[in-house]
Amino acid sequence: VWSNSTLENVGSNLEDNGSAWTSATGATPPSGWALYNAGTFTVADHSSGAGNSLEIKHNGSNNNPGIIGTATTVVGKLYKISFISKTESGIYATVVVGTSSGGGQYGTYTIADSASWSGASDNDFVFEATTTTVYYSFYTTATTVDKKVYIDTWEAYEVTPGCVAADA
(Lines give C-alpha, C1' and ligand atoms only; values in the text may rest on other atoms or scores of the structure.)
Protein backbone atom coordinates (compact mmCIF):
# COMPACT_ATOMS: atom_id res chain seq x y z
CA VAL A 1 0.00 0.00 0.00
CA TRP A 2 1.44 3.35 -1.05
CA SER A 3 1.03 6.37 1.16
CA ASN A 4 0.18 9.84 -0.11
CA SER A 5 1.54 11.39 3.10
CA THR A 6 4.69 9.36 3.80
CA LEU A 7 7.74 10.25 1.72
CA GLU A 8 10.97 8.29 1.58
CA ASN A 9 14.33 9.88 0.72
CA VAL A 10 15.97 8.60 -2.47
CA GLY A 11 19.76 8.72 -2.82
CA SER A 12 21.97 11.21 -1.02
CA ASN A 13 21.46 14.73 0.28
CA LEU A 14 21.74 17.17 -2.66
CA GLU A 15 23.04 19.95 -0.37
CA ASP A 16 26.51 19.04 0.92
CA ASN A 17 27.07 22.12 3.12
CA GLY A 18 23.81 22.41 5.07
CA SER A 19 25.18 21.27 8.43
CA ALA A 20 28.90 22.11 8.61
CA TRP A 21 28.41 25.55 7.00
CA THR A 22 32.08 25.51 5.96
CA SER A 23 33.80 28.85 5.27
CA ALA A 24 30.97 31.04 6.63
CA THR A 25 32.53 33.95 8.49
CA GLY A 26 31.85 37.66 8.66
CA ALA A 27 30.46 38.80 5.28
CA THR A 28 31.30 35.47 3.59
CA PRO A 29 28.42 32.99 3.18
CA PRO A 30 28.99 29.22 3.52
CA SER A 31 30.83 27.38 0.71
CA GLY A 32 28.46 26.41 -2.08
CA TRP A 33 25.98 29.13 -1.13
CA ALA A 34 25.70 32.63 -2.64
CA LEU A 35 24.49 35.83 -1.04
CA TYR A 36 20.80 36.60 -1.14
CA ASN A 37 21.56 39.91 0.60
CA ALA A 38 24.70 40.77 2.53
CA GLY A 39 24.79 40.10 6.25
CA THR A 40 27.07 38.73 8.94
CA PHE A 41 27.49 34.95 9.02
CA THR A 42 28.72 33.06 12.08
CA VAL A 43 29.15 29.31 12.55
CA ALA A 44 29.01 28.14 16.16
CA ASP A 45 27.18 25.78 18.48
CA HIS A 46 23.92 27.67 18.95
CA SER A 47 22.37 24.72 20.85
CA SER A 48 20.54 23.23 17.85
CA GLY A 49 21.28 19.75 19.12
CA ALA A 50 22.98 18.99 15.80
CA GLY A 51 26.35 20.65 16.48
CA ASN A 52 27.31 23.85 14.72
CA SER A 53 24.61 25.96 13.11
CA LEU A 54 24.62 29.08 10.95
CA GLU A 55 23.69 32.47 12.36
CA ILE A 56 22.57 35.06 9.79
CA LYS A 57 22.59 38.57 11.23
CA HIS A 58 21.68 42.04 9.97
CA ASN A 59 24.99 43.85 9.41
CA GLY A 60 23.74 47.39 9.96
CA SER A 61 23.57 48.17 6.23
CA ASN A 62 21.64 45.50 4.32
CA ASN A 63 18.06 44.47 5.08
CA ASN A 64 16.91 40.87 4.69
CA PRO A 65 20.32 39.15 4.84
CA GLY A 66 20.45 35.58 3.61
CA ILE A 67 21.83 32.88 1.34
CA ILE A 68 20.94 31.12 -1.92
CA GLY A 69 21.77 27.50 -2.76
CA THR A 70 21.16 25.32 -5.81
CA ALA A 71 20.78 21.64 -6.58
CA THR A 72 20.48 19.60 -9.75
CA THR A 73 17.05 18.03 -10.21
CA VAL A 74 15.27 15.79 -12.71
CA VAL A 75 12.11 17.15 -14.34
CA GLY A 76 9.01 15.36 -13.04
CA LYS A 77 10.62 14.03 -9.84
CA LEU A 78 9.52 15.03 -6.33
CA TYR A 79 11.96 16.76 -3.96
CA LYS A 80 11.81 17.71 -0.30
CA ILE A 81 13.75 20.47 1.45
CA SER A 82 13.89 20.32 5.24
CA PHE A 83 15.78 22.15 7.98
CA ILE A 84 15.59 23.37 11.56
CA SER A 85 15.62 27.04 12.53
CA LYS A 86 15.03 29.61 15.25
CA THR A 87 14.67 33.37 15.24
CA GLU A 88 14.64 36.31 17.59
CA SER A 89 11.30 37.73 18.70
CA GLY A 90 9.62 39.73 15.94
CA ILE A 91 11.98 38.41 13.26
CA TYR A 92 10.82 35.95 10.63
CA ALA A 93 12.71 33.73 8.25
CA THR A 94 11.64 33.28 4.65
CA VAL A 95 12.37 30.35 2.34
CA VAL A 96 11.93 30.84 -1.40
CA VAL A 97 12.10 27.78 -3.69
CA GLY A 98 12.04 28.18 -7.45
CA THR A 99 13.41 27.70 -10.93
CA SER A 100 15.46 30.91 -10.87
CA SER A 101 17.57 32.75 -8.30
CA GLY A 102 15.16 34.45 -5.89
CA GLY A 103 12.17 33.05 -7.82
CA GLY A 104 9.33 31.46 -5.88
CA GLN A 105 7.85 29.27 -8.61
CA TYR A 106 7.69 26.29 -6.23
CA GLY A 107 6.72 28.37 -3.20
CA THR A 108 7.56 31.07 -0.70
CA TYR A 109 7.28 30.11 2.95
CA THR A 110 7.44 32.32 6.04
CA ILE A 111 8.81 30.77 9.21
CA ALA A 112 7.28 32.50 12.25
CA ASP A 113 9.49 33.79 15.03
CA SER A 114 10.42 31.12 17.53
CA ALA A 115 12.96 31.32 20.32
CA SER A 116 13.39 27.54 20.30
CA TRP A 117 14.69 25.26 17.55
CA SER A 118 11.93 23.96 15.32
CA GLY A 119 11.86 20.30 14.44
CA ALA A 120 12.95 19.50 10.90
CA SER A 121 9.50 18.10 10.17
CA ASP A 122 8.09 21.58 10.91
CA ASN A 123 10.04 22.90 7.94
CA ASP A 124 9.43 20.42 5.12
CA PHE A 125 8.73 21.75 1.64
CA VAL A 126 7.91 19.36 -1.22
CA PHE A 127 7.84 20.27 -4.91
CA GLU A 128 7.84 18.62 -8.32
CA ALA A 129 10.80 19.72 -10.45
CA THR A 130 9.94 21.45 -13.72
CA THR A 131 13.58 22.32 -14.56
CA THR A 132 16.97 20.69 -14.00
CA THR A 133 18.07 23.20 -11.34
CA VAL A 134 16.30 24.27 -8.15
CA TYR A 135 17.22 27.50 -6.36
CA TYR A 136 16.49 27.85 -2.66
CA SER A 137 16.90 31.00 -0.63
CA PHE A 138 16.85 31.38 3.14
CA TYR A 139 16.80 34.87 4.57
CA THR A 140 15.64 36.90 7.55
CA THR A 141 13.17 39.77 7.58
CA ALA A 142 15.60 41.70 9.80
CA THR A 143 15.81 45.43 9.12
CA THR A 144 17.56 46.33 12.38
CA VAL A 145 21.25 45.87 13.15
CA ASP A 146 22.20 42.66 15.00
CA LYS A 147 18.79 40.99 14.58
CA LYS A 148 19.31 37.38 13.53
CA VAL A 149 18.04 33.94 12.58
CA TYR A 150 19.67 30.53 12.96
CA ILE A 151 19.51 27.59 10.58
CA ASP A 152 20.85 24.04 10.66
CA THR A 153 20.54 20.60 9.11
CA TRP A 154 19.45 21.90 5.67
CA GLU A 155 18.70 18.90 3.46
CA ALA A 156 17.42 18.51 -0.09
CA TYR A 157 16.41 15.00 -1.20
CA GLU A 158 14.59 13.41 -4.07
CA VAL A 159 11.60 11.68 -2.47
CA THR A 160 9.10 9.00 -3.42
CA PRO A 161 5.83 7.95 -1.75
CA GLY A 162 6.48 5.42 1.00
CA CYS A 163 5.12 1.91 1.21
CA VAL A 164 3.30 1.67 4.56
CA ALA A 165 1.92 -1.88 4.38
CA ALA A 166 2.02 -5.00 2.25
CA ASP A 167 -0.71 -5.41 -0.36
CA ALA A 168 -3.59 -7.51 0.88
Out of Thr87, Thr25, I need the residue that is at pLDDT below 90, out of contact with any Pro (no Cβ under 8 Å at 6 or more places or on another chain) and within 25 Å of Asp146 (Cβ to Cβ). Which one? Thr87
Residues (at pLDDT 90 or above and either charged (D, E, K, R) or open to solvent by less than 30 Å² (accessible area, probe 1.4 Å) (or both)) located in region 129-148: Ala129, Val134, Tyr136, Ser137, Phe138, Thr140
Considering only region 16-30, state which residues are under 23 Å from Ser100 (Cα atoms) and open to solvent by 60 Å² or more (accessible area, probe 1.4 Å). Asp16, Thr28
Counting just the residues of region 31-66 that are open to solvent by less than 50 Å² (accessible area, probe 1.4 Å) and at pLDDT below 90, which one comes out nearest to Glu88 (Cα to Cα)? His46
Note on Asp124: of the conditions (1) touching a helix residue (DSSP H, G or I) at 6+ places or on another chain (Cβ under 6 Å); (2) free of Cβ contacts under 8 Å to residues at least 60 places away in the same chain, unmet is (1)
Please state which one of Val74, Val145 is farther than 24 Å from Thr25 by Cα and among the hydrophobic types (A, V, I, L, M, F, W, C). Val74
Among all residue pairs at least 6 apart or on different chains, which show Cβ distances below 7 Å where the first residue, located in region 4-33, is over 22 Å from Val159 (Cβ atoms) and the second is of a type in the set (A, V, I, L, M) and assigned to a loop (DSSP other than H, G, I, E, B)? Ala27/Ala38; Pro30/Ala24
Within region 109-117, can one find any residue that is closer than 25 Å to Asn59 by Cβ, in a strand (DSSP E or B) and not hydrophobic (A, V, I, L, M, F, W, C)? yes
Taking the stated definitions as given, is Tyr79 open to solvent by 60 Å² or more (accessible area, probe 1.4 Å), outside any loop (DSSP other than H, G, I, E, B) and within 15 Å of Tyr136 (Cα to Cα)? no
Residue check: is Lys86 of a type in the set (Lys, Arg), open to solvent by 60 Å² or more (accessible area, probe 1.4 Å) and touching a strand residue (DSSP E or B) at 6+ places or on another chain (Cβ under 9 Å)? no
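Taking Ala93, is it closer than 18 Å to Ser53 by Cα and open to solvent by less than 40 Å² (accessible area, probe 1.4 Å)? Before the answer, list the steps.
On the way: closer than 18 Å to Ser53 by Cα: yes; open to solvent by less than 40 Å² (accessible area, probe 1.4 Å): yes.
For Ala93, the condition - closer than 18 Å to Ser53 by Cα and open to solvent by less than 40 Å² (accessible area, probe 1.4 Å) - is met.
The values are calculated or read from the model by the stated rules, or taken from the named source; none is laboratory data. Just so we're clear, the structure is a prediction, and the values are computed from it rather than from any experiment. Don't worry about glycine lacking a Cβ; one is built from the backbone with ideal geometry, like all the others, and counts go over all protein chains shown. With ligands, DNA and RNA removed, areas are computed over all heavy atoms of the protein, side chains included. Shrake-Rupley method; radii C 1.70, N 1.55, O 1.52, S 1.80 Å.
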